[in-house]
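Shown next, in structure tokens, is the structure this report addresses.
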Amino acid sequence: MLWSPRETLRSVGEGRGLGAGVTVVALWALASLLLLLLSGGGVSRAQFPELPPEEFERLRSGLSVVLPVLAFVLPFVWWAGLSALVYPATLVLGGRATLAAAFAFVGVACAPWAAVAVLQILLAGLQGLTGAGALGGVALAASAGALVWHAALVVAGARQAARLGRGGAVGSCALAGLGCLVAALFLAITLAALVVGFSGLPS
């Protein structure tokens, strides 16, 4: 997928890639969950220094359940949400993709995210062994590259599956991306409200 995207997306556009899309997203979800577990659950005392110890323990107890669930579920949510937005956007711009094809090429286009999650697991292990402090920048740069590569693959998939030109494919993905940004903002607000709610639970 990462080295021959055109051939892979061509087969997806012909309706043969839904299983591949599901596999890629499942690998991304498993790698994300493993990364969270290896990092100690994603909650540390240094992140909430202002909280009293008993409140921090309540917060950590609540998030120790919520965060692993989110780590595993969010890749599937991203896949389903982006696919559901890309499909009508391609139709509006004159494309001929099916919903199954949209799910297939968006799922396959998530391969960069799965690769970055695996890379972050390796970097976390290396950092734990060596104590190196500069590896966070590598992970951030890799994530930025994965975002660009993911967007490029979604556009390429839309061109193949929906038989759109370059402009139509970019436009349909831009519309879908705008919808995803709105959804991500809503999710961030919801997560912030959960954190505040957990930290304010009565003892």
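Of note:
- The residues of segment 138-190 that are among the small types (Gly, Ala, Ser) and not in a helix (DSSP H, G or I) amount to a single one, GLY165.
- One residue stands out in segment 34-51 among those that are assigned to a loop (DSSP other than H, G, I, E, B) and not hydroxyl-bearing (Ser, Thr, Tyr): the one that is modelled with the lowest pLDDT, namely GLY42.
- Check on ALA89, touching a Phe, Trp or Tyr at 6+ places or on another chain (Cβ under 8 Å), in a helix (DSSP H, G or I) and in contact (Cβ under 8 Å) with a residue 12 or more places away in the chain: no
Let's see how each residue does on (1) at pLDDT 75 or above; (2) open to solvent by 30 Å² or more (accessible area, probe 1.4 Å):
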| site | (1), (2) |
| --- | --- |
| GLN127 | no, yes |
| ALA141 | yes, yes |
| ALA152 | yes, yes |
| ALA158 | yes, no |
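- ALA80 without any contact (Cβ under 8 Å) to a residue 60 or more places away in the chain, within 17 Å of VAL22 (Cα to Cα), open to solvent by less than 50 Å² (accessible area, probe 1.4 Å) and under 16 Å from the mean Cα position of the chain (by Cα): yes
- Qualifying residue in segment 99-120 (condition: open to solvent by 50 Å² or more (accessible area, probe 1.4 Å), modelled with pLDDT of 75 or more and over 22 Å from TRP78 (Cβ atoms)): no
- Among the residues making up segment 160-189, those that are more than 24 Å from ALA117 (Cβ to Cβ), open to solvent by 50 Å² or more (accessible area, probe 1.4 Å) and out of contact with any helix residue (DSSP H, G or I) (no Cβ under 6 Å at 6 or more places or on another chain) are ARG163, ARG166, GLY167, ALA174, LEU178, VAL182, ILE189.
- The set of residues in segment 82-128 that are more than 17 Å from ALA156 (Cα to Cα) and touching a helix residue (DSSP H, G or I) at 6+ places or on another chain (Cβ under 6 Å) comprises ALA114, VAL116, ALA117, VAL118, LEU119, GLN120, ILE121, LEU123, ALA124, GLN127.
The values are calculated or read from the model by the stated rules, or taken from the named source; none is laboratory data. Since we're looking at a predicted model, the values are computed, not measured. Cβ coordinates were reconstructed from backbone atoms using ideal geometry, including for glycine residues, and neighbour counts include every protein chain displayed. Side chains included, ligands, DNA and RNA excluded: accessible areas come from the protein's heavy atoms. Shrake-Rupley method; radii C 1.70, N 1.55, O 1.52, S 1.80 Å.
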